[in-house]
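The values are calculated or read from the model by the stated rules, or taken from the named source; none is laboratory data. Source: prediction; values computed, not measured. Cβ sites come from the backbone with ideal geometry, for glycine too, and all protein chains shown count toward neighbours. We work out accessible area using only protein heavy atoms, side chains counted, and drop any ligands, DNA or RNA first. Shrake-Rupley method; radii C 1.70, N 1.55, O 1.52, S 1.80 Å.
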Amino acid sequence: MTLLITGGTVIGPSGAVPADVLVDGETIAAIFAPGAGPAGVETLDATGKYVIPGGIDAHTHMELPFGGTAASDTFDTGTRAAAHGGTTTIIDFAVQRTGEVVQDGLAAWHTKAGGNCHIDYAFHMILGGVDDDSLKAMDQLVADEGVTSFKLFMAYPGVFYSDDGQILRAMQKARDNGAMIMMHAENGIAIDVLIQQALSRGETDPIHHGITRPEALEAEATHRAIALAEVAQDCPLYIVHLSASRALEEVAAARDAGRNVFAETCPQYLYLTLEDQLGAPGFEGAKWVCSTPLRSKHENHHRDLWKGLRSNDLAVVSTDHCPFCFKDQKELGLGDFSKIPNGIGGVEHRVDLVYQGVVDGKLSLERWVETIATTPARMFGLYPRKGVIAPGSDADIVLYDPNGRTRIGVETHHMNMDYSAYEGTRSPARWTPCCPAARSSCPAARTTAPRGAVSTCPVACRATWCDGDAYRKALHRWSLRRRQRGPAAAGLRPGHGRDPGRGGRGDRRGGTRRGAGRPRRAARVAGGVAVPPRRGDVPVPRPGRRQPQGDRVAAVVRARQDRGGRRRRGGPRAGEHRVRRGRAAPAQGRLQRAGGHRGRRVLDPAAAGRRRGHHAVQLPGDGADVDVLQRAGGRQHVRAQAQ
């Protein structure tokens, strides 16, 4: 079947472009300027709609056994709901428990999913027991099964918990075979102590699930996971369902240092709160019990998480979809919040809920598509087959109407659960699916592909690590083009950096190559990704490199963190100063911090009269030398000297 989608606006990481999209069978055949497509083919009018790649939910738990029951959504019902919400691929978690064979766990999940899914799917692997056998199995899964991401738990002692030694061994193995470690970062040992203390005081309501899992224990575990990954020679690390500001600060600090650390968050952490949901009257709060828990509305978690999405400290929005019905499942925890099955259903609403951030001015259209589709595809080896509207990509296409309205509730959703975590929410848009696999357009009714008419997606190996030198070189290549999005615009070669949302192998915009198999091992970044600077960064060219005539360069010298560990927009913060070079000046100045830490001191006899505690940066220009005298504490004294 050939279909021409006309009149729409194609949204991708590089921007929004009016274009017509030609679909041939299950593949995007071509993209044309508006009105330039072929005649005589079936057309679908997308006027006034966004044409976006189908969403990729990189974190779901269909049919997961947990807490004496199992997630209420099967692969049949869960993938149908996902398709109704604009998600055309899920990456679920196969499970190995302590003492079980890893390959048997993967085979069991293939059996559950095979022939039952309405959309494409792939698998991560949960390692419940790290030993010699499971470490050998990691190599086999990477080489033969297309599974290149392994999840470990710092929480749930006695169920999935791995101690620091086991985590380190798994990270070392992942570093060797090109896999990524995904981490549930909470200090489970300390949490169990707090739970028992709360129950002994008679505190049994659902809100105490959140109180006994404080932000500090998520931040501590996140920091520890990052440190262990560093010991494992910078093993790629992906923090799942990050919920709190302090944990985000740990991730941001690691990324600022050029580390291979990535993180996701979920819609529940962007909208729901400890007081309003977990603290609902009676036992109602059990509907929103999940781990990590919802955080307090009296703190800045929502604001900081949205900021993290804008800055790419949070790379992906997934759902951690693991629904349980309130009746008979959540009610297992009546009188003991620790027995409430942990999980919220949201696979159907993710695309809409993140788009609400666009409406509210918290996110750009391009970043919306990146977080729900493009970055997950790049991160887990599905790009460019998925995650982008481009010739040769799968025709997983969603037409999104920004002028429509959709009401979220138990009466309208398609998930197999008896309540909605977002009951009464009105989505500011309505979408039309171009169905996966069958690729039929559905302008009037929300139908999905026939069950089983899809394929499993081996997740291609995509070793994403880099070293500090590669990161610094990537920053240099960005030079003055910091306002142009995308590594190709900045002349950045694929394969350098640390940000899977901004490019890598596969094409000039980035991504990884298709197909499973052992990754290449090379001195340079293997299957890596390019990194843009953070907002406000201007890399300083190396000494001796000439600037173009007429350029005036204002280099913002950044102290990467202030006292609170948070970054902000605008000018320099405490401990920073600006250095302005003269015309056509060779770059003599280097990054300077208060007190000269890691700074390049320029000993200038003419500056002998400067006050104690200052140091100088000498930047010769046309007709003047400028000494920037930096005093500890951030005060500036600038003196121009005539030549």
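Among the residues that make up the range 305-317, is at least one of them in a loop (DSSP other than H, G, I, E, B) and open to solvent by 10 Å² or more (accessible area, probe 1.4 Å)? No; the residues of the range 305-317 include none that is in a loop (DSSP other than H, G, I, E, B) and open to solvent by 10 Å² or more (accessible area, probe 1.4 Å). Checking each residue in the range 54-69 for being buried (at least 19 other Cβ atoms within 10 Å of the Cβ) and hydroxyl-bearing (Ser, Thr, Tyr) picks out only 60.
With respect to residue 369, determine if the residue is of a type outside the set (Asp, Glu), modelled with pLDDT of 95 or more, out of contact with any Phe, Trp or Tyr (no Cβ under 6 Å at 6 or more places or on another chain) and assigned to a helix (DSSP H, G or I). Yes, satisfied.
Listed here are the residues, each with its yes/no results for (1) among the aliphatic types (A, V, I, L, M); (2) buried (at least 23 other Cβ atoms within 10 Å of the Cβ); (3) assigned to a loop (DSSP other than H, G, I, E, B).
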site: 386; (1), (2), (3): no, yes, yes
site: 392; (1), (2), (3): no, no, yes
site: 404; (1), (2), (3): no, no, yes
site: 412; (1), (2), (3): no, no, yes
site: 415; (1), (2), (3): yes, yes, yes
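If only residues of the range 349-367 that are more than 25 Å from residue 213 (Cβ to Cβ) and touching a strand residue (DSSP E or B) at 6+ places or on another chain (Cβ under 8 Å) are counted, the one that is surrounded by the most Cβ atoms within 10 Å (Cβ to Cβ) is 351. On inspection, residue 88 does not qualify as surrounded by fewer than 24 Cβ atoms within 10 Å (Cβ to Cβ), of a type outside the set (Gly, Ala, Ser) and either outside any loop (DSSP other than H, G, I, E, B) or under 28 Å from the mean Cα position of the chain (by Cα) (or both). Here residue 426 clears all of (1) more than 15 Å from residue 54 (Cβ to Cβ); (2) in contact with a helix residue (DSSP H, G or I) (Cβ under 9 Å, 6 or more places away or on another chain); (3) not aromatic (Phe, Trp, Tyr) except the condition numbered (2).
Restricted to the range 1-32, and to residues there that are over 29 Å from residue 354 (Cβ atoms) and assigned to a loop (DSSP other than H, G, I, E, B), the residue that is most open to solvent (accessible area, probe 1.4 Å) is 1. Condition check for residue 135 on (1) modelled with pLDDT under 95; (2) surrounded by fewer than 24 Cβ atoms within 10 Å (Cβ to Cβ); (3) of a type outside the set (S, T, N, Q): one failure, at (1). Which residue, of 207, 189, 167, 195, is closer than 17 Å to residue 153 by Cα and open to solvent by less than 50 Å² (accessible area, probe 1.4 Å)? Answer to the check: 167.
Helices (runs of 4 or more DSSP H) fully within the range 196-295 that include at least 1 residues being hydroxyl-bearing (Ser, Thr, Tyr) and either under 16 Å from the mean Cα position of the chain (by Cα) or modelled with pLDDT of 95 or more (or both): 215-231, 245-256, 267-271. With respect to being among the basic types (Lys, Arg), closer than 17 Å to residue 417 by Cβ and open to solvent by 50 Å² or more (accessible area, probe 1.4 Å), residue 97 falls outside the description. Can residue 398 be described as open to solvent by less than 10 Å² (accessible area, probe 1.4 Å), at pLDDT 95 or above, in contact with a Pro (Cβ under 8 Å, 6 or more places away or on another chain) and not in a helix (DSSP H, G or I)? Considered against the rule, which asks whether it is open to solvent by less than 10 Å² (accessible area, probe 1.4 Å), at pLDDT 95 or above, in contact with a Pro (Cβ under 8 Å, 6 or more places away or on another chain) and not in a helix (DSSP H, G or I), residue 398 comes out as yes. Within the bounds of the range 294-310, is there any residue that is basic (Lys, Arg) and under 24 Å from residue 417 (Cα atoms)? Taking every residue of the range 294-310 in turn, at least one turns out to be basic (Lys, Arg) and under 24 Å from residue 417 (Cα atoms).
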